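One structure is given below, encoded as structure tokens.
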Amino acid sequence: MRAAALYSAAGSLLLTALVAAPAQSAPPAGPGSAEARGTAVAARRAAAAGIEFGRCPKAEELPGGMRCGTVSVPLDYAHPDGRRIALSVSRMRATHVDPDDGGREVPGQGALLFNPGGPGASGLYFPLVGMVPEWKRIAAAYDLVGYAPRGVAPSAPLSCQDPGDFFKGPRPAPEQPSDAYKKERAAEAEAYARGCAERGGAALRHYHSLNNARDLEVVRAALGERRLTFMGASYGTYLGALYAELFPARVRRMVFDAVVNPDPEQVWYRNNLDQSEAFEDRWDDFKEWVAEHDDVYGLGDTARQVQGGYEEASARLGARPAGGTVGPAQLQGAFLKAGYYDDYWPRRAEALSAYLKGDPQPLIDQVGTRTAEDATGAENANAVYTAVECNDAPWPTDFEVWDRDNTRLARRAPFETWDNVWTNLPCAYWRVPRQRPLDVRTASGELPPTLILAAERDAATPYEGALELRRRLAGSVLVTERDAGTHGIAGGPNACVNGHLEAYLLDGRLPARDTSCAPRPEPEPRRAAAPKA
């Protein structure tokens with residue numbers, strides 16, 4: 001989710017060479033479309049077939065109490081009798097025992113289906129949350145159901161390159177990249193887009209958010225649920241919003257946690273620009289926290305001094321990568337995770353402190369150790385992310401637009417801006433016809449009341465997205481965790497947030513109006529290890 005100094009004559013020639021012909025957009029598929037008819041056919045068939053749950057495949061390493069099955073969906077909903085793909089589904093049955101009321105029996109409320117976001121993330125492990133204390137009351141009432149969306153292994157997995165080539169070695173992370181470096185990364189992006197087209201073939205165009213929403217409707221039917229109870233996090237909120245627009249009568253309850261801005265004008269290029277700007281604020285939050293604990297980390301008692309330590313580490317890693325694997329880009333990626341989750345703050349600060357004091361091992365352990373299995377999973381996730389976002393909406397096809405917008409943005413938000421560009425730049429060279437984003441809007445009474453959860457300083461999905469979804473879904477209620485920035489707040493350490501979540505999912509109760517909760521406690525610092533002799 002994402003101008004610039006004017007180019008010299010030579011730079012202008014580069015930009016001209018990087019322009020890709022725009023792929024045509026497919027019109028939105030309305031209620032009477034072939035896709036709508038195909039979805040109805042697929043849902044009827046799924047309801048008749050159900051899901052044959054059994055032991056989960058060993059490769060998934062899921063616990064014995066969990067059961068797995070598959071749901072067959074059309075690759076192309078306009079042709080429901082054509083090629084089909086199998087979506088993997090996991091389930092943990094409701095316990096029917098209230099842990100807070102002496103083991104009182106709790107009536108079941110059907111299935112709670114979850115999407116963790118991405119796009120490209122698997123929800124197969126979601127049912128395990130029932131073992132966490134904060135989730136046990138919900139797990140008492142609901143069968144917890146997760147699934148791997150289309151393209152995400154093992155559900156007809158996508159790939160865009162050899163996984164062995166996915167994790168590139170130590171590389172730079174310039175905040176002001178040169179023309180030569182931009183040209184290098186643009187060539188990589190174009191090659192990656194070409195790899196997606198070659199490996200995905202004709203099927204590639206069918207991996208997008210509208211089909212993900214249709215898949216959700218078929219999974220609902222296969223589970224035997226008359227109406228859907230759904231919880232989406234991050235990208236899962238956009239998927240849920242599309243489902244609410246396409247199938248409002250099929251919604252029972254919906255929770256949107258860490259909300260993607262669903263405005264069609266934002267999806268996805270402008271969302272990424274907003275995300276890069278928001279990460280700068282979260283990066284500042286992290287640095288200020290480290291400065292408050294200078295007695296533990298010794299990185300300075302001001303955010304500016306902590307920034308100086310980070311820049312020193314990046315420069316050293318550029319000259320000599322730690323362990324041969326951790327360069328400036330790997331360092332930036334590791335600290336980007338601290339922008340997502342407060343829980344990363346102590347360990348990342350500890351690793352930076354240890355590195356600057358002469359011990360690179362904590363940094364290597366946190367950043368630089370990756371197996372072949374890690375590479376396969378990461379490449380698959382990235383392929384799905386790329387395919388879905390590139391297929392979902394129009395993107396600028398002229399690199400000059402990306403360069404102008406992000407050069408300007410990087411002046412005030414340098415931390416993530418260019419990394420975000422390199423992640424999404426394959427969409428500039430995408431040759432597959434793109435979808436047009438739906439204008440999600442529901443009128444009063446069209447959709448049951450829904451619950452929206454958001455942290456006020458969430459960088460991955462900036463708070464404006466929650467406000468926008470609140471405006472678009474009539475009857476929805478927004479619960480805000482004030483002055484907090486962890487990405488996804490449901491079922492975490494905030495008892496106020498969890499109280500609203502349980503009241504809604506268990507009893508269908510929402511606050512009378514938008515409300516807020518005090519922030520969760522800040523993380524406790526960890527003392528850095530002494531340097532090795």
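At a glance:
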| item | result |
| --- | --- |
| Filtered residue count, segment 262-315, keeping only those that are within 30 Å of residue 428 (Cα to Cα) and small (Gly, Ala, Ser) | 3 |
| Residues of segment 237-258 that turn out to be farther than 16 Å from residue 144 by Cα and in a strand (DSSP E or B), as a count | 4 |
| Residue match in segment 94-103 (condition: surrounded by 22 or more Cβ atoms within 10 Å (Cβ to Cβ), in contact with a helix residue (DSSP H, G or I) (Cβ under 9 Å, 6 or more places away or on another chain) and at pLDDT 95 or above) | no |
| Hey, residue 260 buried (at least 19 other Cβ atoms within 10 Å of the Cβ), closer than 26 Å to residue 342 by Cα and touching a strand residue (DSSP E or B) at 6+ places or on another chain (Cβ under 8 Å) or not | yes |
| Scope segment 77-117; condition under 30 Å from residue 32 (Cβ atoms) and in a strand (DSSP E or B); matching residues | 84, 85, 86, 87, 89, 111, 113, 115 |
| Scan of segment 274-295 for residues that are within 17 Å of residue 258 (Cα to Cα) and of a type outside the set (Phe, Trp, Tyr), ordered by number | 274, 275, 276, 277, 278, 281, 282 |
| Residue selected from segment 144-199 under the condition over 22 Å from the mean Cα position of the chain (by Cα) and hydroxyl-bearing (Ser, Thr, Tyr), by the criterion surrounded by the fewest Cβ atoms within 10 Å (Cβ to Cβ) | 178 |
| Segment 470-503 - residue that is among the hydrophobic types (A, V, I, L, M, F, W, C) and touching a helix residue (DSSP H, G or I) at 6+ places or on another chain (Cβ under 6 Å) and, of those, nearest to residue 342 (Cα to Cα) | 489 |
| Some residue of segment 327-338 being of a type outside the set (Phe, Trp, Tyr), more than 24 Å from residue 418 (Cβ to Cβ), crowded, with 19+ Cβ neighbours inside 10 Å and out of contact with any Leu (no Cβ under 8 Å at 6 or more places or on another chain) | no |
| The one condition in (1) at pLDDT below 90; (2) under 30 Å from residue 246 (Cα atoms); (3) surrounded by 11 or more Cβ atoms within 10 Å (Cβ to Cβ) that residue 78 fails to fulfil | (1) |
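The values are calculated or read from the model by the stated rules, or taken from the named source; none is laboratory data. Computed from a prediction, not measured in an experiment: that's the story for all the values here. A quick note on method: Cβ atoms are made from the backbone with ideal geometry, for glycine too, and the neighbour counts reach across all protein chains shown.
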